[in-house]
Each structure stands twice: as C-alpha cells, then as structure tokens.
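Trainee: The structure under discussion is supplied below as structure tokens; questions concerning it will follow.
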Amino acid sequence: MRISLEGQVALVTGASSGLGYACAEALAAAGAAVTINYHSHREPAESLAEKIRAHGGQAIAVAGDVSVEADVDKLIAAAVSTFGRLDILVANSGLQKDASFGDMTLADWNSVISVNLTGQLLCARAALRQFRQQQFKPELSRAAGKIVHMSSVHQVIPWAGHVNYSASKGGVDLLMRSIAQEIGEERIRVNAVAPGAIKTAINADSIKGGAEEKLLELVPYGRIGVPEDVANAVVWLASDLSDYVHGATLFIDGGMSLYPGFRNNG
Ligand code: NAD
C-alpha cells in the first residue's frame, strides 16, 4: 500500500540533518509539499529542497530557531505563503548538552529545555493556530491537522549524565498528551514518535568504534536504527492510515524501552 499525502503541506523543523532530513524527504516522496526548517546549516537544507524539486516535488528551505517565538511564526508564514496552507507539523528539532548532574550549568539546562521542550510548544501552538484559521479540506485528509512531536525513549528511560535531555523528553510526553486531550475534538491529531538509538549526528560519539557493540546490548532487536525507520513511522502518523491514532507515542527503538537488562532473568 502506498501512502499518499498529495496536496498536503508539511513543515519539518531541524531538517538539515538526521531524522528531520529523512522525515522531510519521506513526506515529500509521499507527495507532500515540504517546508524544511534549518537552524545553522543552510546548505544541506537548500540542497534537500533542490533534490525534492528535481524529483518533481515541492520544497523550500527556511531558517529559524524553534525556541524563538517570532522565528516559529515566520516558519509557518513561509509555508503558508508558498504552499497556501499547513496540514502536517513534524516538531523534530532537538539537541543535547551533556554533563554530569553536579557539573550541569544553568545554561546547559536552559538551552536544552528551550529547544527540546519550549520549541515543541511554540511549533505546536503556531501550527494549531494555522489549522484553525484555514479551511478544513476533507478531500485532503480526514483530520483538520496533524502534529507529530519528536520525543525519545528517554521520555521513559532515565539517563544519567543527560538530565536536561531526559527531562525535556519527559516533558514532551505530557505536553503532547495534554495538547491531544485539549484539541482532539477539533479533529486535529497529535502524536509523538520516540526513537531509540538511531545513527545520526546527535549520537555519533556513542555509536562509533567499539561503542556500537555496547549500545547493541541495549537493543533486543539487534541493530542500530537508521533515520528511515523513524521517517516511515512519521509518514504513517501524518497519513489517514493512522486516523484513529491520537495522543499516542510510537516507540521506534528495536525494543530498547523493554528493560533489556532483564532478558536473562535480571
Ligand atoms: P541531529 O543533530 O542531526 O538533528 C537535530 C536538528 O535540530 C539539527 O538539524 C539542528 O540544526 C536542529 N536544531 C537544533 N537547535 C535548533 C533550534 N534552536 N532551532 C531549530 N532547529 C534546531 O540529530 P537527530 O538525531 O536527527 O535529532 C532529531 C530529533 O530526534 C531530536 O529531537 C532528538 O532529540 C531526537 N532523537 C534522536 C535520537 C537518535 O538516536 N538519533 C533518538 C531519540 C530522539
């Protein structure tokens, strides 16, 4: 079965690399017009937009910091002025500033919370406002809008040395579910994906060399994920095939959240 998002417009934040890049590419392959947000790396975002257009799709690249309210409004405005509407938000941007708890500075805490949690709030709220003011087109989708938050297995797995990151993702879980509870009756679907270990820049250090073998001990399914594993799930969550899925987090982790340390009777 081929998923079609033909005629729909998507915004993917933090899409110049990693999971965001793969999500933008996959949404475009499914037929959506895509606004590719980048923060500091313009070139890969522009060349992805160029690649999508070369394959007959529609895409633009737009700069913006998701933790800045005015930037988020500009991202939505760019999508709407170029493609006429917004149907899908993938709030993907995220970062890590790791430190042991005793050494964690307030700046480390604030920068992670402001991008990973406040950024998710600002993007979801701006998308909701756009969904509300545009015409509902049931011929495009059964939902009046779809929001996919990028969470992490660390919304449930505590993570020593990364308390800012795990707190931000734990926050994303209740942010997502509270928004879903509040706006579901408007036929706006809100969900999240929670990746485990996926090979991208964010975890390059924990995956290189012998570290990969150690990481694999935490993955019952026995392989490290690739960005397409996440992008495929995001396309499904953005499509009508998941029309009755609302307020859910889909773990895409090869079983990392199954307490693999208990495999051999703990
Ligand atoms: P990545 O570093 O390649 O991507 C993060 C993206 O966020 C980058 O493009 C970066 O420019 C962007 N970004 C950072 N600060 C921003 C800001 N202020 N405004 C806008 N964009 C900003 O890493 P990734 O693995 O692709 O991470 C994407 C998301 O997936 C993050 O939310 C991350 O927490 C989550 N995640 C990743 C993994 C994994 O294993 N790779 C696992 C769980 C969750």
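Trainee: Would you be able to tell me the number of residues in the stretch 11-66 that are more than 7 Å from the ligand (Cβ to nearest atom), in contact (Cβ under 8 Å) with a residue 12 or more places away in the chain and in a loop (DSSP other than H, G, I, E, B)?
Mentor: Here the count works out to 6.
Trainee: Moving on to the next point. Which residues, taken from the stretch 72-92, are buried (at least 24 other Cβ atoms within 10 Å of the Cβ) and either near the ligand (Cβ under 9 Å from one of its atoms) or assigned to a helix (DSSP H, G or I) (or both)?
Mentor: Correct list: V72, L75, A79, A91, N92.
Trainee: Search the stretch 111-137 for residues that are farther than 30 Å from H154 by Cα and pair each with any residue that is assigned to a loop (DSSP other than H, G, I, E, B) and not hydrophobic (A, V, I, L, M, F, W, C) when their beta-carbon atoms are under 6 Å apart and the residues are at least 6 apart or on different chains.
Mentor: Q134/R85
Trainee: Tell me, yes or no, whether the stretch 130-137 has at least one residue that is away from the ligand (no atom under 12 Å from the Cβ), within 19 Å of the chain's Cα centre (by Cα) and farther than 30 Å from L258 by Cα.
Mentor: Scanning the stretch 130-137 turns up at least one residue that is away from the ligand (no atom under 12 Å from the Cβ), within 19 Å of the chain's Cα centre (by Cα) and farther than 30 Å from L258 by Cα.
Trainee: May I pose another question? In the stretch 213-266, which residue that is at pLDDT below 95 and of a type in the set (G, A, S) is surrounded by the most Cβ atoms within 10 Å (Cβ to Cβ)?
Mentor: G261
Trainee: Might you check whether a residue that is small (G, A, S) and within 18 Å of the chain's Cα centre (by Cα) occurs anywhere in the stretch 197-219?
Mentor: Within the stretch 197-219, one or more residues are small (G, A, S) and within 18 Å of the chain's Cα centre (by Cα).
Trainee: Across the stretch 228-261, what is the total count of residues that are in contact (Cβ under 8 Å) with a residue 60 or more places away in the chain and either under 30 Å from E185 (Cα atoms) or out of contact with any strand residue (DSSP E or B) (no Cβ under 6 Å at 6 or more places or on another chain) (or both)?
Mentor: So the count comes out to 19.
Trainee: Shifting gears a bit: Does the stretch 49-58 contain at least one residue that is within 20 Å of I183 (Cβ to Cβ) and in contact with a helix residue (DSSP H, G or I) (Cβ under 9 Å, 6 or more places away or on another chain)?
Mentor: Taking every residue of the stretch 49-58 in turn, none turns out to be within 20 Å of I183 (Cβ to Cβ) and in contact with a helix residue (DSSP H, G or I) (Cβ under 9 Å, 6 or more places away or on another chain).
Trainee: Give the residue, chosen from V148, V163, V156, that is surrounded by fewer than 17 Cβ atoms within 10 Å (Cβ to Cβ), within 16 Å of the ligand (Cβ to nearest atom) and either of a type in the set (A, V, I, L, M) or on the phi > 0 side of the Ramachandran plot (or both).
Mentor: V156
Trainee: Scan (1) more than 17 Å from A24 (Cβ to Cβ); (2) part of a helix (DSSP H, G or I) for the single condition N264 breaks and write down its number.
Mentor: (2)
The values are calculated or read from the model by the stated rules, or taken from the named source; none is laboratory data. Predicted model only: the values in this text are computed from it and were never measured. For neighbour counting, all protein chains shown are included, and Cβ atoms are generated from backbone atoms with ideal geometry for every residue, glycine included.
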